[in-house]
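Visitor: I'd like to ask you about the structure that follows.
The values are calculated or read from the model by the stated rules, or taken from the named source; none is laboratory data. No experiment lies behind these values; they were computed from the predicted model shown. So basically every Cβ, Gly included, is an ideal-geometry build from the backbone, and we count neighbours across all protein chains shown. Note: areas computed on protein heavy atoms with side chains; ligands, DNA, RNA excluded. Shrake-Rupley method; radii C 1.70, N 1.55, O 1.52, S 1.80 Å.
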Amino acid sequence: MVNPQHKFSVRNFNVHYDHFSALRNLNLEINANEIFTVIGPANSGKTTFLNSLNRLIDLVPASRCSGEILLDGIDIRAGMEVETLRRKVGIVFALPLPLPISIFENVVFGLRMQGVRDLRRLNQAVERSLRESYLWDEVKDRLSTPAMNLSGGQQQRLCTARILAGQPDVLLFDEPTSGLDPISTARIEETLLILKKKYTVVLVTNNVAQAARVGERTAFFLMGEMIEVSETGKMFTTPADTRTGDYITGKFG
Amino acid sequence: MDPRRSQKIAFAVLLLATLLVVLPVVVILAIIVAKGASAISWDFLFSMPREGMSAGGILPAILGTLYLVLGAVIFAVPLGVMAAIYLVEYSSDNRMSRLVKLAIVNLAGVPSVVYGLFGLGIFVTFFGFGASILSGSLTLGIMILPVIITSSREALESVPKHFRTVSLSLGASRWQTIRHSVLPHALPGILTGMILGLGRAAGETAPILFTVAAFYLPRLPQSVFDQSMALPYHLYVISTQVPGIAENVRYGTALVLLTLVLLLNLAAIVLRSRFRRKKKW
């Protein structure tokens, strides 16, 4: 049953907040080493979907989930500890949210929580992950300065480095460029294209053009339902559903 | 009436009210300093009372108050901070947690003499600690518990939610998140509450009346099971129970107590302002 190409398999998945149904009967696969983009208007369930993949949804007290999500064939609820899942599936939020500690400590936070004390290992992880997120050259001389002093774009790359330090499998991005200028946005997008060679990337975006630029496959969500999922190029040229076409061309949303 | 005139009158009344609030503080301070400053000396602060407390110093009362305050803090701070952490970080908003929060608010409203009676019944008699520093500290500790819990809760709640989300999203457990991403940022606020509780414990008379305070002791307390003198009670004794105490000794004692409490409050204010300046979110 389990296809090794499928990083995530989502089956009959539903999310309710109290009586509000945020996601309905979701079925989809996310392949390893692809950039999977999710588009849709506000309140379509995009962020709920993303937060379901690493169970941050559990932090919402009123949320209830049903159905199953498999990571490499293993149920993320029944089959593993939530801490293990979140190490494998890192997330970068819409706003850059560095912790009010130094750049270095931000990057190694996850490792420290795993109990890594060896300074050489921490140093290596910092250099590797900051290089991978293309921040190393800008910050290598001031690793001990507060992360809050960085610019918004730099902070967002720091947040990327922070999840890379834990050597995850999957990177989730929740509208990572919504608060950034076009140049910072372009840098993040370039970074995504390189990161996908090593990791599986799931990108939720408000920006349809961004999905077209970096996505390989794209899902369109509307009011808690997935309307269609297909190759990004195909979706943007010949969408199967008229609502998809209307959204992409800006007729609503 | 002409709106400009009514506005002027309103301002004048409000200003007057504000000044009236400040007035008693200034007057009390002025009187105590004026009448008590002449008593303050090295001998007054660091020697035993002599000649039926009409001469000599107030060292046993100062030390007694320090012991009691220290004991109250050792007891109340860990308990209060842990309860606050539970209430803010773990308990969900249900009937049970609302009941606990209500109980804490009510605890803060209990008159201090009731704490004294409670301490007498529980610690002095039931547990058999007798009138002792231990009984007094525990009684004062319970009295300042609401202050500690409330300020700790406020400090924890003021830590931005995203610190927790980020920490959890990086694979930290809930306890690790509290320990490393929440508590360090709440610590100054918790300390502020601790110092405010300290100041309150130092100044109260009623809770120590039945549980620890001695009229006069010829020697310093040797263990936590000894009775002790304390500044607020000593002040009461020399002002009302013993005739012929010089006025400047009475006011000098009040000045020492007041200075102690003011210093503690000042420390709280300094700590809080330093915290606010360091805040970067």
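Visitor: With a 1.4 Å probe and all protein chains kept in place, how do A:Cys159, A:Cys65 rank by accessible area, largest first? Provide the component values of the computation, followed by the final result.
Guide: Numbers: A:Cys159 5, A:Cys65 50 Å².
So the residues, ranked largest to smallest area, are A:Cys65, A:Cys159.
Visitor: Further, regarding this structure: Sticking with the crude label model, points 7 Å out along Cα→Cβ, report the distance from B:Gln7 to B:Arg50 in nm, one decimal please.
Guide: Spacing of the two 7 Å Cα→Cβ label points: 6.8 nm.
Visitor: Across the residues of B:123-135, average count of Cβ atoms on other protein chains within 10 Å? Intermediate values should be presented prior to the final figure.
Guide: Details: counts 0, 0, 0, 0, 0, 0, 0, 0, 0, 0, 0, 0, 0.
Mean inter-chain Cβ contacts per residue within 10 Å come to 0.
Visitor: With only alpha-carbon atoms in the gyration tensor, what are the semi-axes of the equivalent ellipsoid for the protein assembly as shown, in Å, largest first?
Guide: With the √(5λ) rule applied to the protein assembly as shown, the semi-axes are 63, 26, 23 Å.
Visitor: To continue, here is another question. Take the alpha-carbon positions of chain A, form their convex hull, and give its projected area averaged over all directions (one quarter of the hull surface) in nm².
Guide: Taking the Cα atoms of chain A, their convex hull projects to 13.8 nm² on average.
Visitor: I'd like the FRET efficiency for A:Ile74 and A:Glu216, computed as 1/(1 + (r/R0)^6) with the beta carbon distance as r and R0 of 22 Å, rounded to 0.05.
Guide: About 0.35, to the nearest 0.05.
Visitor: With all protein chains present and a 1.4 Å probe, how do B:Glu204, A:Glu225 order by accessible area, largest first? Can you show the working numbers first?
Guide: Details: B:Glu204 40, A:Glu225 85 Å².
Putting B:Glu204, A:Glu225 in descending order of accessible area: A:Glu225, B:Glu204.
Visitor: Under a crude label model (7 Å from the Cα following the beta-carbon direction), how far is B:Val242 from A:Glu127 in nanometres?
Guide: 7.3
Visitor: Translational diffusion coefficient of segment A:1-143 at 10 °C, 1.306 mPa s, Stokes-Einstein with Kirkwood Rh over Cα pairs, in µm²/s as a whole number.
Guide: Roughly 91 µm²/s, to the nearest whole number.
Visitor: Counting pairs of alpha carbon atoms under 8 Å apart in space and at least six apart in sequence, what relative contact order in percent does chain B give?
Guide: Across chain B, relative contact order equals 27 percent.
Visitor: Same structure, new question: Which of the pairs A:Lys198/B:Lys161; A:Lys46/A:Lys198; A:Lys7/A:Lys88; A:Lys7/B:Lys161; A:Lys196/A:Lys234; A:Lys46/A:Lys88 have their Cα atoms more than 22 Å apart in this structure?
Guide: Over 22 Å Cα-Cα: A:Lys198/B:Lys161; A:Lys46/A:Lys198; A:Lys7/B:Lys161.
Visitor: Taking H placed 1.01 Å from N in the peptide plane, check which residues at least 5 places from A:Ala22 or on another chain put their amide H under 5 Å from its amide H.
Guide: Correct list: A:Val15, A:His16, A:Tyr17.
Visitor: Same structure again: Note down the relative contact order for segment B:128-201 as a percent, whole number, built from C-alpha pairs under 8 angstrom at least six residues apart.
Guide: After rounding, I find 47 percent.
Visitor: Hey, with R₀ at 45 Å, roughly what FRET efficiency would A:Thr242 and A:Lys197 work out to, going by the Cβ-Cβ distance, to 0.05? Don't skip to the answer; put the middle values down first.
Guide: Numbers: r = 36 Å, r/R0 = 0.79.
For A:Thr242 and A:Lys197, the calculated efficiency is 0.80.
Visitor: So, one more: Counting only other chains, what is the mean number of Cβ atoms within 10 angstrom of the Cβ of each residue in peptide B:171-178? Write out the running numbers ahead of the final one.
Guide: Numbers: counts 19, 8, 4, 2, 0, 6, 1, 0.
The shielding value for this peptide is 5.
Visitor: OK, next. As a check on your grasp of the helix formula, calculate [θ] at 222 nm for the protein assembly as shown: sum -39500 (n - 2.57) over DSSP H runs of n ≥ 4, divide by the residue count, round to the nearest 500.
Guide: -16500 deg cm²/dmol
Visitor: Another question, then. I want to check the label-to-label distance for B:Phe215 and A:Asn33. Put each point 7 Å from Cα in the C-beta direction and report it in nm to one decimal.
Guide: So the label points at B:Phe215 and A:Asn33 sit 9.1 nm apart.
Visitor: Determine the gain in length on full extension of the stretch B:Leu29-B:Leu15; use 0.36 nm per residue of separation and subtract their C-alpha separation, reporting nm with one decimal.
Guide: 2.9 nm
Visitor: Give a residue-ordered list of calculated ³J(HN,Hα) values for segment A:218-234 (Karplus: 6.51 cos²θ - 1.76 cosθ + 1.60, θ = phi - 60°; whole Hz; x for Gly, Pro).
Guide: Once θ is set to phi - 60°, the couplings for segment A:218-234 become 9, 10, 10, 9, 8, 6, x, 10, 8, 7, 7, 9, 6, 4, 4, x, 5 Hz.
Visitor: Using only the alpha carbons of segment B:1-150, what is the convex hull's orientation-averaged projected area in square nanometres?
Guide: Reported value for the Cα convex hull: 16.6 nm².
Visitor: Going through the DSSP H helices of chain B, which span 24 Å or more along their own axis at the Cα atoms while scoring at least 0.5 as a mean Kyte-Doolittle hydropathy?
Guide: Correct list, ordered by number: B:3-36, B:59-85, B:133-157, B:183-203, B:247-278.
Visitor: Please state, as a whole number in µm²/s, the translational diffusion coefficient that the Stokes-Einstein equation yields for segment B:57-278 at 25 °C and 0.890 mPa s, with Rh defined as the Kirkwood radius across alpha carbon pairs.
Guide: Details: Rh = 18.8 Å.
Answer from the Stokes-Einstein relation: 130 µm²/s.
Visitor: Could you list the square roots of 5 times each eigenvalue of the Cα gyration tensor of segment B:107-175, that is, the equivalent ellipsoid semi-axes, sorted largest first and rounded to whole Å?
Guide: 39, 14, 7
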